[in-house]
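Here is the structure we will look at, set down as C-alpha cells.
The values are calculated or read from the model by the stated rules, or taken from the named source; none is laboratory data. Computed from a predicted model, the values in this text were never measured in an experiment. Don't worry about glycine lacking a Cβ; one is built from the backbone with ideal geometry, like all the others, and counts go over all protein chains shown. Protein only, heavy atoms only, side chains kept; ligands, DNA and RNA dropped before computing areas. Shrake-Rupley method; radii C 1.70, N 1.55, O 1.52, S 1.80 Å.
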Amino acid sequence: MKFNSTSLAGVYLAESTPIADHRGALTRLYCERDLAPALGIRRIVQINHTHTRTAGAVRGLHLQYAPHAEMKMIRCLKGRVWDVAVDLRAGSSTFLKWHAEELSPDNGRMMMIPEGVAHGFQALEADSELLYLHTAAYTPASEGGFSCSDERLGIRWPLPILDLSARDAGHPPIAFDFPGITP
C-alpha cells in the first residue's frame, strides 16, 4: 500500500497494488499497520457500503460534528466515482478548499478524510459501489451537510448533477460568516 499526501492537510490517498497471477488478483483493502501514520490512535468502528444507480448522481457534502467527528476512508469497489473532500476546519491553511480524486477498482485508490473535512462524491458510472471505513459510529444528532453546488466552494463536478436526494438538496450553502469547525 502506497500512502500519498494531497493538497489538503490531513487528507491522504492510499493506493493498493494488486498481486496478480493467471488465477486473478488479491488486493489489500485495509492494513492498520500501513495506515498507522494517518490513523494515529483512531480505530475503525463502522463499515458501510453504498450503491449508486445513476451516473451523475451526487451524495454529499456530509460530515459529523464533535463529539462524534469521524475520519472516513473511502474505496470504490465497482464503477467509478469523483470523490471530493472539502476542508471546513477552523484555522486550516486550506479552509474552504477542496480536493478530488477519481476512485475506481482499477486504480486501487482510497481517499482518507479526517475530522472537520466534509465528503461527497459523484458517480461517474451507473451502479457504482463504495466501501466506507469510519472511526466513529453514525450519530444522527451530530450529522451535518452543506450544498454540493455551493458557488463559494466552486466544486467542479465532472458530470451534470442528475440525481440528488431531498436531504442533500436541502443542505445550505456555507454562510459567509462561517467560522469553521473545531474537530
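Per residue, how many Å² of accessible area does region 1-114 show with a 1.4 Å probe?
51
On the protein heavy atoms, probe 1.4 angstrom, tell me the percent of accessible surface of region 38-87 carried by carbon and sulfur.
Exposed carbon and sulfur together represent 54 percent of the surface.
Beyond 30 Å, how much of the Cα-Cα pair distribution for the chain remains, as a whole percent?
Percentage above 30 Å: 14.
Using a 10 Å cut-off on Cβ atoms, rank the peptides 54-60, 65-71, 167-173 from the highest mean neighbour count down.
54-60, 65-71, 167-173
Given only helices, namely DSSP H runs of n ≥ 4 each adding -39500 (n - 2.57), what is the per-residue ellipticity at 222 nm of the chain, to the nearest 500 deg cm²/dmol?
Value at 222 nm, helices only, nearest 500: -1500 deg cm²/dmol.
Among Glu115, Glu15, Glu151, determine the one that fluctuates most according to a GNM of the chain built with springs between C-alpha atoms less than 10 Å apart.
Glu151
Using the Cα gyration tensor of region 62-130, with a ≥ b ≥ c the square roots of its eigenvalues, what is the shape: rounded (a/c below 1.5), prolate (a/b larger than b/c) or oblate (neither)?
It is prolate, given that a/c is not under 1.5 and a/b is the larger ratio.
Counting only DSSP beta bridges with both residues in the chain, what percent are antiparallel, rounded to the nearest 5?
Roughly 95 percent of the beta bridges in the chain run antiparallel, per DSSP.
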